[in-house]
Amino acid sequence: MRLLTMFVPKKNEPLSLHTTYRIGGPARLFFEARSEEELLYAVDWAGREKVQTFILGKGSNVLFDDRGFDGLVIVPLLGSVSIEGLIVEAGAGVSFSYLGIKTARLGLSGLEFASGIPGSVGGAVFMNAGAMGAEVSGSLVSVDVIRGGGTITLLKSDARFAYRYSSFQDEGGIITKARFQLTRDPEAADRQKKYLAYRMRTQPYDKPSCGSVFRNPSGLFAAKLIETAGMKGRGVGGAVVSEKHANFILNTGTATAGDVLSLIALVREKVQEQSGILLDCEVQCISYDGQIRSPYSHHLF
Ligand SMILES: Cc1cc2nc3c(=O)[nH]c(=O)nc-3n(C[C@H](O)[C@H](O)[C@H](O)COP(=O)(O)OP(=O)(O)OC[C@H]3O[C@@H](n4cnc5c(N)ncnc54)[C@H](O)[C@@H]3O)c2cc1C
């Protein structure tokens, strides 16, 4: 029974080790799947044992509960990349930033914006990650997804992409592979370097964060609204609103999920008071019992 011996989940693994926020208590069980077979086995096992699961990419858009997660966290470490002509196929576990840099350096355009986004390909598809006016859905062709015990291929139109949205957020499924169609452009590498330099200049990469906490309201910038509400530099416990980019809430070293949630609630309140706009969260907050919630209240966890 080869697969049985390969499915050995870790117990009480600190999720703070697997998130860019460096926040989160222990996962009751934690498993890194190195093949689709291992992934299928882990999901099937959890179903049989009635253990709830959470699929984790590189943990760059999640805020786990300080108590951790009462179930099995599965990380699909599927790391293959193949490039044939203009078609790029990447496993869900591939670094999205690496893919953006690699393709741009090969003179392929479409994913330059990905450089510096610290997520996985799976997480980027799930979130329809974007920057510099581009997003995943711009060049995505199709996605392989595990659903109902088997793998299916979905076309871009099936995923109903919108701003930071894909239908996977409502319909579930484990993304195992994504295919992109790029274009040839000798200036792709220069553009990618320019985008990365801009990111480093304008965003705080020196402290743990989840990137932008709030979605931009239509036609507006959340960062500008937060700054105008006087929230730059405001903090709760170890969490603080970045002085460099007001839509980033940083972990100064001791922040708990509770600190971040309280600060999120405070920022929302002050922005609403000042502008009448209620900000919506981009970060996914995962409670101990596995609920994915928008942290509109700091009483959630
Ligand atoms: C410094 C910094 C800068 C950032 N800049 C940007 C930016 O410019 N633009 C942007 O859009 N985002 C940005 N982000 C946010 C984040 O990097 C993206 O949302 C990224 O796409 C998340 O990928 P991940 O692998 O880390 O996903 P995770 O955080 O691990 O997971 C996010 C969600 O995706 C789901 N998921 C992950 N993998 C899979 C899979 N294989 N199958 C099904 N579901 C899956 C998870 O269950 C979870 O609900 C930034 C974050 C940081 C820390």
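The values are calculated or read from the model by the stated rules, or taken from the named source; none is laboratory data. Everything numeric in this text was worked out from a predicted model, so none of it was measured. Cβ placement follows ideal geometry from the backbone for every residue including glycine, while neighbour counts extend to all protein chains displayed. Keep in mind that these areas ignore ligands, DNA and RNA; they rest on the heavy atoms of the full protein, side chains included. Shrake-Rupley method; radii C 1.70, N 1.55, O 1.52, S 1.80 Å.
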Proximal lysines to LYS194, defined as alpha-carbon separation beneath 16 angstrom and excluding residues fewer than eight positions away on the same chain: LYS102
Positive-end residue, the chain charge dipole about Cα centroid, Cβ charges, pick of VAL145, PHE180, ALA239: ALA239
Distance in nm between pseudo-label sites at GLU243 and VAL8 (7 Å out along the Cβ direction from Cα): 4.9
Options LEU111, LEU196, VAL62, ranked by Cα towards positive dipole end of the chain, top entry (Cβ charges): LEU196
Gaussian network model of the chain, springs between alpha carbon atoms under 10 Å - residue of ASP170, ASP280, ASP65 with greatest fluctuation: ASP170
Relative contact order (%) - the chain, alpha-carbon pairs under 8 angstrom, separation at least six: 17
Simple label model, 7 Å out from Cα along Cβ direction - ASP190 to VAL141, nm: 2.8
Highest-MSF residue in the chain out of GLU49, GLU13, GLU112 [GNM, Cα springs under 10 Å]: GLU49
Peptides 204-210, 14-20 ordered by average Cβ neighbours within 10 Å, highest first: 14-20, 204-210
Carbon/sulfur fraction of accessible area - the chain, other protein chains in place, 1.4 Å, %: 52
Pairwise centroid distance, computed over Cα atoms, of region 192-255 with region 56-122, Å: 22
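Suppose every K and R has +1 on its Cβ and every D and E has -1 on its Cβ; what is the size of the dipole of region 2-76 about the Cα centre, in Debye to the nearest 20?
160
Take each of the peptides 238-250, 140-152, average the number of other beta-carbon atoms within 10 Å over its residues, and list them starting from the highest.
Going by the mean number of other Cβ atoms within 10 Å, highest first, we get 238-250, 140-152.
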GNM top mover of ARG179, ARG234, ARG160 - the chain, alpha-carbon springs below 10 Å: ARG160
Among ASN251, ALA222, LEU266 the positive-end extreme of the charge dipole of region 222-269 (Cβ point charges): ALA222
Within region 81-191: Cβ-based charge dipole about Cα centre, in debye rounded to nearest 20 (Lys, Arg +1; Asp, Glu -1): 80
222 nm mean residue ellipticity, helices alone, for the chain (DSSP H n ≥ 4; -39,500 (n - 2.57); rounded to 500): -8000 deg cm²/dmol
Accessible heavy-atom area order of ARG191, ARG268, highest first, probe of 1.4 Å: ARG191, ARG268
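Where in the chain are the DSSP H helices whose C-alpha atoms run 24 Å or more along the long axis and whose mean Kyte hydropathy is at least -1.0?
257-275
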Alpha-carbon Rg with Dmax, taken over the chain, Å: 19.2, 62
Point-charge dipole on Cβ atoms (K/R +1, D/E -1) for the chain, about Cα centre, debye to 20: 520
Accessible area per residue in Å² at 1.4 Å probe, computed on the chain: 45
The chain - share of DSSP beta bridges that are antiparallel (%, nearest 5): 75
